[in-house]
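Down below is the structure, laid out as structure tokens.
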Amino acid sequence: MSDERPVWAQRIAAERTARSWSQLDAVKAMRAHAPTELPADDSMVRQWKRWEAGTKPGDFYQPIIAAMFGTVTHAIFPIPGRRNGNREILVASGMETLEIVSRLNKSDVDNATLEALRITTDRLCSEYPYMPSEQLLIEGRQWLKRVVDLHSKSLTLAQHREVLALSGWLALLVGCVEYDTGARHAAESTRRAALSLASEADHAEVAGWGHEMRAWFALTTGDYRGVIAAAQAGAQVAPHHSVAVQLAAQEAKAWARLGDRRQVEVALDRGRRLLEGMPHPENLDHHFVVDPAKFDFYAMDCYRLVGEDKLAQTLAGEVLRAGTDFDGTERSPMRNAEARVTLGVTAARSGDLDQALIHGERALQGPRQSVPSLIMTSRELAAVVRERYGAEPAAQEYLTHLRDLGQTAPGFLPS
């Protein structure tokens, strides 16, 4: 029988169940996060029953519910966001690519051309989640070269800073895609170039993402102390930008792999508080934007690692729901892949090898992959499978498939 309640109502019920709370327990947990005294327990329990049945909580209660579940308001109670990753340059700027390139060949550059370049950069960053890596890498490098070549033109001081910033964003994008494909050394060189451009432009946000990339690189290669150092360095240069949320998440992931649960919770809560205080992003597809649903993705990884299987499983379901359209098209195939690995880990730990391998294999078949990240999380599933089911032929087949994937990205081969 299908559940016709709103998605948020299903979620708060699932979050409560994952914690083995009664409805009264949930009300008591709310009190710890409420800014003022709440009504009596019996009144609040009646409220909670209505909420789980589908009556939406008011604006006062929504952030309290989110905080008690360790997330942000719009992760549970989303508001419509403009997903403009497929927006055409012609529609947004009145220019086609050929016209932009033609304008770039002139001795000076007007502000309309720079605006078209900014829109083009946003479009490329918005296509990161689903455009094939090879295609995005070619386009990204082409536009990066075009923008860098503008430094030889006659530019005002403001235009010069804008060109530096655009070059930095494109370098960040290219570096991310290079790393996705296993080109570690190229990615590190491009990341350093982005940091240099950020320094010259005095652009804190680009600099913050440059440090975030360093944290990501360190995470996927097992340098967890390096993750923490990079995350803290980035937070110092860009404390008020959304990248600070992702830096806190990377730090939490590192602490989870180091086995320090208290520091995991401290880092996640720091990121949650930062994100709760930021405006809702207009473009949810943009790679260098941290949207509320992404926080569920961060927490899912941490809960899986610290052994909170029910919470990890619940959040994996939320990640898949948020990352998939009604027609089954995957908006966020890379996040979805890691969610499936999480479901595989929880299934393996509960004794269900068949489901574990189904989820694990499907994760490896995604149309858009970040190979280092996918191998890192899949290695955790492989460890459970090897330990508990190593003699099973089906388990051996999965481990071989994972090893073959590692061959496509030297230096990331699972142990």
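Can you tell me which residue within segment 308-322, out of those that are surrounded by 21 or more Cβ atoms within 10 Å (Cβ to Cβ) and not polar (S, T, N, Q), is farthest from THR17 (Cα to Cα)? Please lay out each step first, then the result.
Taking segment 308-322 first, the residues surrounded by 21 or more Cβ atoms within 10 Å (Cβ to Cβ) are 311-316, 318-319, 322.
Still in the list and also not polar (S, T, N, Q): 311-312, 315-316, 318-319, 322.
Values: LEU311: 9, ALA312: 13, LEU315: 12, ALA316: 15, GLU318: 15, VAL319: 18, ALA322: 20 Å.
Among them, the one singled out is ALA322.
Suppose we keep only residues that are under 15 Å from the mean Cα position of the chain (by Cα) and not hydrophobic (A, V, I, L, M, F, W, C) within segment 325-339. Which one would you say is nearest to ALA312 (Cα to Cα)? Don't jump to the end; show me each part of the working.
Filtering segment 325-339 for residues under 15 Å from the mean Cα position of the chain (by Cα) gives 330-339.
With not hydrophobic (A, V, I, L, M, F, W, C) added as a condition, the list becomes 330-333, 335-336, 338.
Numbers: GLU330: 20, ARG331: 21, SER332: 18, PRO333: 18, ARG335: 14, ASN336: 13, GLU338: 11 Å.
That would be GLU338.
Given the structure, is VAL290 assigned to a loop (DSSP other than H, G, I, E, B), buried (at least 17 other Cβ atoms within 10 Å of the Cβ) and among the hydrophobic types (A, V, I, L, M, F, W, C)? If you could, list the steps in order and put the result at the bottom.
Values: assigned to a loop (DSSP other than H, G, I, E, B): yes; buried (at least 17 other Cβ atoms within 10 Å of the Cβ): yes; among the hydrophobic types (A, V, I, L, M, F, W, C): yes.
Yes.
State whether the residues of segment 330-342 include one that is more than 18 Å from VAL371 (Cα to Cα) and of a type outside the set (D, E, K, R).
no
If I go through segment 133-166 residue by residue, how many of them are in a helix (DSSP H, G or I) and either aliphatic (A, V, I, L, M) or free of Cβ contacts under 8 Å to residues at least 40 places away in the same chain (or both)?
First pass over segment 133-166, keeping only residues in a helix (DSSP H, G or I): 133-152, 157-166.
With the extra rule that they be either aliphatic (A, V, I, L, M) or free of Cβ contacts under 8 Å to residues at least 40 places away in the same chain (or both), the set shrinks to 135-145, 147-148, 150-152, 157-158, 160, 163-166.
Count: 23.
Test of understanding: among VAL206, VAL245, VAL266, which residue is assigned to a helix (DSSP H, G or I) and free of Cβ contacts under 8 Å to residues at least 40 places away in the same chain? Lay out the reasoning, then the answer.
Values: VAL206 fails: free of Cβ contacts under 8 Å to residues at least 40 places away in the same chain; VAL245 fails: free of Cβ contacts under 8 Å to residues at least 40 places away in the same chain.
On inspection, the qualifying residue turns out to be VAL266.
All but one of (1) in contact with a helix residue (DSSP H, G or I) (Cβ under 7 Å, 6 or more places away or on another chain); (2) modelled with pLDDT of 95 or more hold for ALA229; state the number of the condition that does not hold.
Of the numbered conditions (1) in contact with a helix residue (DSSP H, G or I) (Cβ under 7 Å, 6 or more places away or on another chain); (2) modelled with pLDDT of 95 or more, the odd one out for ALA229 is (1).
The values are calculated or read from the model by the stated rules, or taken from the named source; none is laboratory data. Every value quoted in this text rests on a predicted model; they were computed, and no experiment measured them. Neighbour counts run over all protein chains shown; Cβ positions are idealised from the backbone, glycine included.
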